[in-house]
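Quick notes on the structure that follows.
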Amino acid sequence: MAPTNGQEGNGLKVEVLRESLRAISHKGDELVATFYDILFTKYPQVRPMFDSTRMPEQRAKLLRSLVVIVRNLDKPGYLAPYLQGLGKMHVAYGAQAAHYDAVGECLLQAMAKTAGPMWNDELAQAWADAYAAAAGLMKQGAGPN
Ligand code: HEM
């Protein structure tokens, strides 16, 4: 039976998330560029982690990854191993638990800025929940540290 509260069994507002990502998909480049601008401004201490990174490619990779996550929110059997694997890779990049909070905060701000007037409290909460779930799986994949 279809859920009546617009949420999937995992508690995430899948349709709200998909719809909002679709609505800003033509601004995907702006979204990720804005994200890294905010991140490096608010948390300059993470900038050196990207010293040898080709940022145009990294922006594209992050955008693709966000799309993969949102497309597969209702497929935990696919999403969990994908995010755990990504989290494991991030250990090598030097990502720590506190970095995930910083990235989440900046990603949400970048979304709000890119989405403009369509952004609202419901979207902010839906994205915060989805990010927390994704980051949780990545940290799980990273193992205890
Ligand atoms: C939900 C959260 C995150 C997602 C979806 C994400 C996504 C990605 C993806 C898709 C890549 C490219 C991996 C590849 O080359 O195949 C990447 C690389 C990277 N990420 Fe993340 N990431 C997240 C959180 C973080 C956090 C918290 C940090 C810490 C500041 C971080 C730092 C990096 C760095 C340093 C790289 C490597 C860049 C390089 O190749 O030089 N990421 N991330």
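Karplus couplings for the stretch 135-140 from phi (6.51 cos²θ - 1.76 cosθ + 1.60, θ = phi - 60°), rounded to Hz, Gly and Pro as x?
Per-residue couplings from phi come out as 5, x, 5, 5, 5, 4 Hz.
In debye to the nearest 20, how big a dipole does the chain give about its Cα centre with +1 on each Lys and Arg Cβ and -1 on each Asp and Glu Cβ?
420 debye
Using the Karplus curve 6.51 cos²θ - 1.76 cosθ + 1.60 with θ = phi - 60°, work out ³J(HN,Hα) for each residue of the stretch 82-87 in order, rounded to whole Hz, and write x for Gly and Pro.
Listing the rounded values in order: 4, 6, 5, x, 5, x Hz.
Give me PHE40, PHE35 sorted ascending by neighbouring Cβ count inside 10 Å, so fewest comes first.
Fewest-to-most ranking of PHE40, PHE35: PHE40, PHE35.
Each residue of the stretch 31-41 in order: what ³J(HN,Hα) in whole Hz does its phi give by Karplus 6.51 cos²θ - 1.76 cosθ + 1.60, θ = phi - 60°, with x for Gly and Pro?
4, 6, 5, 4, 4, 5, 4, 5, 4, 6, 6
Among the listed pairs LYS75/LYS113; LYS75/LYS139; LYS61/LYS88, which are separated by more than 22 Å between their Cα atoms?
The answer is LYS75/LYS113.
Please work out the Cα center distance from the stretch 12-29 to the stretch 51-110, rounded to the nearest Å.
Their Cα centres are 16 Å away from one another.
Since every read-out is calculated from the coordinates, none of them should be taken as a lab result. None of the values given here were measured: they were computed from a predicted structure. With ideal geometry, Cβ positions are generated from the backbone for all residues, glycine too; neighbour counts draw on all protein chains shown.
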